[in-house]
Amino acid sequence: MAKINWNPTQMSTGEPEVDAQHQEWIRRYNQFDEAIHQGMGVETAKSTLNFFIAYADVHFRFEEAVMEERHCPAAKANKAAHEDMREILAGFKEYADKHGYSMSEMLRLKFQMQEWLIKHILTIDIQLRNT
């Protein structure tokens, strides 16, 4: 399994609500990872993908507003990264709706989410600390 552990020293942005939302992302990612390793099926994949899409809208809007309000130098890069993730999630949803939810697609989503979450939090989001 590729569980992500919340590390407040490395991952905290200094904005409690953003950090709480990041922890929720990670919690749901870890549930998804666990479900894949336990061989849970299509319903888990569908519900997780739908959660990621819906939560992205809520979290991204909030985080972008906080960065704008604080004049964070990473605000533009953050917004661009969020758009990239929205497109990735929409692409998975479109593919899955057309072709079904396969284990290979679930694994691909899992690995992309893991890489994106860690990289995004550790390189862009933590720049909120300095605002």
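The values are calculated or read from the model by the stated rules, or taken from the named source; none is laboratory data. Keep in mind it's a predicted model, so treat the numbers as computed, not measured. In this analysis, Cβ positions are derived from the backbone assuming ideal geometry, glycine residues included, and neighbour counts consider all displayed protein chains. Accessible surface areas use protein heavy atoms only, side chains included; no ligands, DNA or RNA. Shrake-Rupley method; radii C 1.70, N 1.55, O 1.52, S 1.80 Å.
Taking label positions 7 Å along the Cα-Cβ direction at both Arg61 and Ile126, the computed distance is 2.9 nm, reported to one decimal.
Gap in Å between the Cα centre of the range 58-84 and the Cα centre of the range 1-55? That distance is 19 Å.
Partner lysines whose Cα lies under 17 Å from the Cα of Lys76, excluding those fewer than 8 positions away in the same chain, are identified as Lys119.
Rolling a 1.4 Å probe over the protein heavy atoms gives the chain an accessible area of 54 Å² per residue. Across the options Tyr95, Val18, Ser47, the greatest Cα extent toward the positive end of the charge dipole of the chain (unit charges at beta carbon of Lys, Arg, Asp, Glu) belongs to Tyr95. Once the Cβ-Cβ distance of Gln10 and Lys98 is raised to the sixth power relative to R0 = 25 Å, the FRET efficiency obtained is 0.05.
Using a probe radius of 1.4 angstrom, the carbon and sulfur fraction of the accessible surface of the chain is 53%. Taken as entire DSSP H runs, the helices of the chain that both span 15 Å or more between Cα atoms along their own long axis and average 0.0 or more on the Kyte-Doolittle scale are 42-69, 103-123. When Lys and Arg each count +1 and Asp and Glu each count -1, what net charge do the other residues less than 14 Å away from Asp19, Cβ to Cβ, add up to? Residues near Asp19 contribute -3 overall.
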